[in-house]
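The values are calculated or read from the model by the stated rules, or taken from the named source; none is laboratory data. What you see is a predicted model, and the numbers here were worked out from it, not measured in a lab. Cβ placement follows ideal geometry from the backbone for every residue including glycine, while neighbour counts extend to all protein chains displayed. Calculation scope for accessible area: heavy atoms of the full protein, side chains included, ligands and nucleic acids excluded. Shrake-Rupley method; radii C 1.70, N 1.55, O 1.52, S 1.80 Å.
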Amino acid sequence: MKNNIKIQTRNYGFYYGNTKVLADIDMDILKNSTTAIIGPSGCGKSTFIRTFNRMNDLIVNAKVAGEIKIDGIDIYKDNIDVVDLRKKVGMVFQRPNPFPKTIYENIVYGPRLHKRCTKQQLDNIVEVSLKKSALWDEVKNKLRGSAMELSGGQQQRLCIARVLAVDPEIILMDEPASSLDPISTQRIEDLIDELKENYTIIIVTHNMQQAARVSQKTAFLLTENIGEPAKLIEYDNTDKIFTNPSDKRTENYITGRFG
Amino acid sequence: MEKLKKSKKSKFRTFKAFLISRFIFINGIISIVVLGLILAFLVYNSIKFFSSYPFFSFITGTRWSPTVNEKFGFVPLMVGSLEVAFGAIIIAVPFSVGVAIYIGELAPRPVREILKPIIEVLATLPSVVLGFIGLKTIVPFIKNFFNLSIGLTALSGSIILAFMSMPTIISISEDAINAVPNRLRNASLALGANKWETTYKIVVPTASSGILAAIMLGLGRIIGETMAVLMITGNSPRIVFSWLQPVRTITATIAAEMGETVQGGLHYSALFAIGLILFLVTFLINFTSDRFVNRIRNL
Ligand SMILES: Nc1ncnc2c1ncn2[C@@H]1O[C@H](COP(=O)(O)OP(=O)(O)OP(=O)(O)O)[C@@H](O)[C@H]1O
Ligand SMILES: [Mg+2]
């Protein structure tokens, strides 16, 4: 069981300046599964997952408290190389953000940063990543076309392919389908379902059905009183959270009574 | 039904909107008409010039000596202008783009907030002032450094014009860099790129059309500049292919000679002819840079 844990947080807290927005989060996130983070707007879901690839480092005065371990290693220790960390922990953003370059260039961007590749290897990476993200058939004939000309849903799958191209172990997704139409959303959800076989996925979503459909574990974050940090109210198997939550507040939230 | 009828207030608002749109329209028309008149004036005088001086001898003529023997060869002026402008661009572009990248991407916030307004103020320095400063600093420096008998050279002009165009190039390039959406930077960083890789692989290429526009606008300013070059390039209308010799630009020629011509005479209209060429060149440059600016707006 212990070997199954990919990410471990202990006494985790987060500060923007002097404001503590998250507190006391102890969570074990399992390898090769999807974990959903749910909670009302502004409770700190994005803040939370952005700590796993240290994207919060860019914000001045932001500070992490407690421990976050990936594969047993504290990622906020001084000797951690952020570049290596981000290679291992990929991120898909809320709005598709392809580079204004060709589809091909978008995908090889990451691999080229990290190692010297032959043209052959790059071609291969492009094909494999696009196949994994279920985009290959739609774009295989226009790899040299601009990524900006794809639809929103295609762009988001391209962004997923771009992350897969650097061969991460963990993929963070912050509301990856919130700007997409239902059909594109469906495809992203199917994709997440496939990817979890080989990757550890953490997804933030506002859509309860989506959380229920794609995840095996669900964590519910909530700010109970304004001005206080949000806490982890309940963290359990997704089935249990959505059918028989043990906390009244979780039940209220998923049945839509607040948030 | 009664409610759908226009109230007094809404009638007044419609009238106000009508007045405002008319006012803007009339302003637009006036500026177009004025521009047209200027162009017509230039064309009229140029035609007068070319009707008594062969176009071919003008465009290929290698001597500009209007008072001595009425020779109006354009080549020395063109070479002078190109030499000075080219030198200025070579000096200004790498420096300006570097500074723009520094201010836009790398500088800590307080530094940026101080540098930006300073640079914008520099852009408004009158060129006579810059020319005077150049005369007192660059000219003697060039003279001593290259051991010349005279420091009034094309290079001195290039340096002062480079200074003059830098604020424009820096501030517009910086705008272009700022216009690059943060989500692209985040995407790059999240893929494991560092700040520097993100800057030169994503930010600068994305801003490149805006940076090009900035360079074009800088070039426009360089080519159109008069007073400073008049003061420090030495004003010698001979063809020289050395940056260490005096030259004479198109603009300096017009400024220096207009006062001494007989109104309506051949020399007078010759100056309008070279003015027309200058007008067309600057128009073309600004027109092109505008298209680049629009491209970055559509990002
Ligand atoms: N850069 C920042 N500086 C200061 N405070 C911030 C910053 N980013 C977020 N916050 C604050 O931290 C809290 C959590 O924000 P966060 O974006 O993580 O919430 P969220 O749960 O992702 O919300 P949403 O569901 O709307 O995306 C909010 O109160 C927000 O105002
Ligand atoms: Mg969020």
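Using a 1.4 Å probe and ignoring any ligands, DNA or RNA, find the accessible area of residue A:77 and quote it in Å² to the nearest 10.
120
Classify the range B:82-140 as rounded, prolate or oblate, taking a ≥ b ≥ c as the square roots of the eigenvalues of its Cα gyration tensor: rounded when a/c is under 1.5, otherwise prolate if a/b is larger than b/c and oblate if not.
Oblate is the answer for the range B:82-140, as a/c is 1.5 or above yet b/c matches or exceeds a/b.
If exposed means no more than 11 neighbouring beta carbons inside 10 Å and the site is in a DSSP loop, what's the longest run of chain A without any exposed GluC sites (Glu not before Pro)?
Value returned for the longest uninterrupted segment is A:1-196.
Among A:11, B:279, A:209, flag the residue with its Cα farthest along the positive direction of the charge dipole of the protein assembly as shown, charges on Cβ as +1 for Lys/Arg and -1 for Asp/Glu.
B:279
So, R0 is 25 Å and r is the distance between the beta-carbons of residue B:111 and residue B:90; what FRET efficiency does that work out to, to 0.05?
0.35
Please state the charge dipole magnitude for the protein assembly as shown, taken about the Cα centre, from unit charges on C-beta atoms (+1 on K and R, -1 on D and E), reported in debye and rounded to the nearest 20.
Roughly 1220 debye, rounded to the nearest 20.
Pairs A:77/A:101; A:119/B:116; A:132/A:217; A:132/B:195: which are spaced more than 31 Å apart, C-alpha to C-alpha?
Violating the 31 Å Cα-Cα cut-off are A:77/A:101; A:119/B:116.
What list of ³J(HN,Hα) values in whole Hz, one per residue of the range B:208-223 in order, does the Karplus curve 6.51 cos²θ - 1.76 cosθ + 1.60 (θ = phi - 60°) give from phi, with Gly and Pro shown as x?
4, 5, x, 5, 4, 4, 4, 5, 4, 5, x, 4, x, 5, 4, 5
May I ask you to rank B:267, A:114 by accessible area, largest first, using a 1.4 Å probe over the protein chains only?
The most accessible residue leads, giving A:114, B:267.
Which net charge results for the neighbourhood of residue B:76, defined as the other residues with beta-carbon distances under 13 angstrom from its beta-carbon, given Lys and Arg at +1 and Asp and Glu at -1?
For residues surrounding residue B:76, the net value is +3.
Note the angle between two axes, namely the Cα long axis of helix A:182-195 and the longest principal axis of the Cα atoms of chain A, as a number of degrees from 0 to 90, rounded to the nearest 10.
90
Given the DSSP H assignment, sum -39500 (n - 2.57) over each helix run of at least 4 residues in the protein assembly as shown and divide by its residue total; what's the result at 222 nm in deg cm²/dmol, nearest 500?
Computed ellipticity for the protein assembly as shown at 222 nm equals -17500 deg cm²/dmol.
Can you work out D for chain A in µm² s⁻¹ from Stokes-Einstein, where Rh is the Kirkwood radius over C-alpha pairs, the temperature is 20 °C and the viscosity is 1.002 mPa s?
Translational diffusion coefficient: 113 µm²/s.
Using only the alpha-carbon atoms of the range A:51-203, report the extent along each of the three principal axes, biggest first, to the nearest angstrom.
Ordered largest first, the range A:51-203 gives principal extents of 48, 39, 32 Å.
For the range B:2-52, what number of Lys pairs, 8 or more residues apart or on separate chains, have alpha-carbon atoms under 24 Å from each other?
5
Please calculate the 1.4 Å probe accessible area of residue B:254, with all protein chains present, and give it to the nearest 10 Å².
For residue B:254, the solvent-accessible surface is approximately 40 Å².
Of the listed peptides B:91-97, B:226-232, what is their order by residue-averaged count of other C-beta atoms within 10 Å, with the highest listed first?
Top to bottom by mean Cβ count within 10 Å: B:226-232, B:91-97.
Need one number for the range B:40-100: average projected area of the convex hull over its C-alpha atoms, nm².
6.3
Hey, got the average number of other protein chain Cβ atoms within 10 angstrom for residues in B:192-201?
4
Looking at the range B:23-152 from every direction and averaging, what is the projected area of its Cα convex hull in nm²?
So the mean shadow area of the Cα hull is 14.4 nm².
Could you order A:208, A:173 by accessible surface area, starting with the largest, using a probe radius of 1.4 Å?
Largest to smallest exposure gives the sequence A:208, A:173.
For chain B, compute Rg over Rh where Rg is the Cα radius of gyration and Rh is the Kirkwood radius from the inverse mean 1/r over Cα pairs.
Reported Rg/Rh (Cα atoms, Kirkwood Rh): 1.10.
Taking the Cα centre as origin and putting +1 on Lys and Arg beta-carbons and -1 on Asp and Glu beta-carbons, what dipole magnitude results for the range B:2-52, to the nearest 20 debye?
So the dipole magnitude of the range B:2-52 works out to roughly 760 debye.
Let me confirm one metric for peptide A:91-104, namely the mean number of other chain beta-carbon atoms within 10 Å of its residues' beta-carbons. Mind dumping the intermediate values first?
Numbers: counts 5, 2, 4, 1, 2, 2, 9, 3, 8, 7, 4, 0, 0, 0.
For this peptide, the per-residue mean of nearby foreign Cβ atoms is 3.
Determine the gain in length on full extension of the stretch residue A:61-residue A:78; use 0.36 nm per residue of separation and subtract their C-alpha separation, reporting nm with one decimal.
Extra length from residue A:61 to residue A:78 when fully extended: 4.4 nm.
Projected onto the charge dipole of the range B:59-297 (+1 at Lys/Arg Cβ, -1 at Asp/Glu Cβ, origin at the Cα centre), which of B:129, B:104, B:90 gives the Cα projection farthest towards the positive end?
B:104
For the range B:192-299, what mean projected area does the convex hull of the alpha carbons give, in nm²?
Values: hull surface 40.5 nm².
Projected area, direction-averaged: 10.1 nm².
Suppose we keep just the DSSP beta bridges with both residues in the protein assembly as shown; what percent of those would be antiparallel, to 5?
60
If packing is taken as the average count of other Cβ atoms within 10 Å, what order do A:26-32, B:120-126 fall into, highest mean first? Before the final figure, lay out each step's value.
Details: A:26-32: 16.7, B:120-126: 12.3.
Result, highest mean first: A:26-32, B:120-126.
Hey, what do the phi angles of the range B:226-240 turn into as Karplus ³J(HN,Hα) couplings, whole Hz, using 6.51/-1.76/1.60 and θ = phi - 60°, x for Gly and Pro?
My calculation for the range B:226-240 gives 10, 4, 4, 5, 4, 6, 10, 9, x, 6, 10, x, 10, 7, 10 Hz in order.
Take every residue in peptide B:177-190, count the Cβ atoms of other chains within 10 Å of its Cβ, and give the average of those counts.
5
Obtain the nm distance between the two label points defined at residue B:283 and residue B:200 by a simple spin-label model: each point lies 7 Å from its Cα along the Cα-to-C-beta direction.
4.1
Two-decimal Rg/Rh of the protein assembly as shown from alpha-carbon positions, Kirkwood Rh?
With Rg and the Kirkwood Rh in hand, the quotient comes to 1.14.
Quick one: order B:175, A:78 from most to least accessible surface, probe 1.4 Å.
A:78, B:175
Residue A:4 to residue A:148: FRET efficiency via 1/(1 + (r/R0)^6), r the Cβ-Cβ distance, R0 45 Å, to the nearest 0.05? Write out the running numbers ahead of the final one.
Details: r = 41 Å, r/R0 = 0.90.
Calculated value: 0.65.
Averaged per residue, what accessible area in Å² does the range B:2-52 show with a 1.4 Å probe, protein chains only?
91
Distance in nm between label sites at residue B:30 and residue B:56, each 7 Å beyond Cα in the beta-carbon direction?
About 4.8 nm separates the two model spin labels.
Using each residue's phi in the range B:145-161, evaluate 6.51 cos²θ - 1.76 cosθ + 1.60 at θ = phi - 60° and report the 3J(HN,Hα) Karplus result to the nearest Hz, with x for Gly and Pro.
Along the range B:145-161, the couplings run 5, 9, 6, 9, 7, 9, x, 7, 10, 4, 4, 4, x, 4, 5, 5, 5 Hz.
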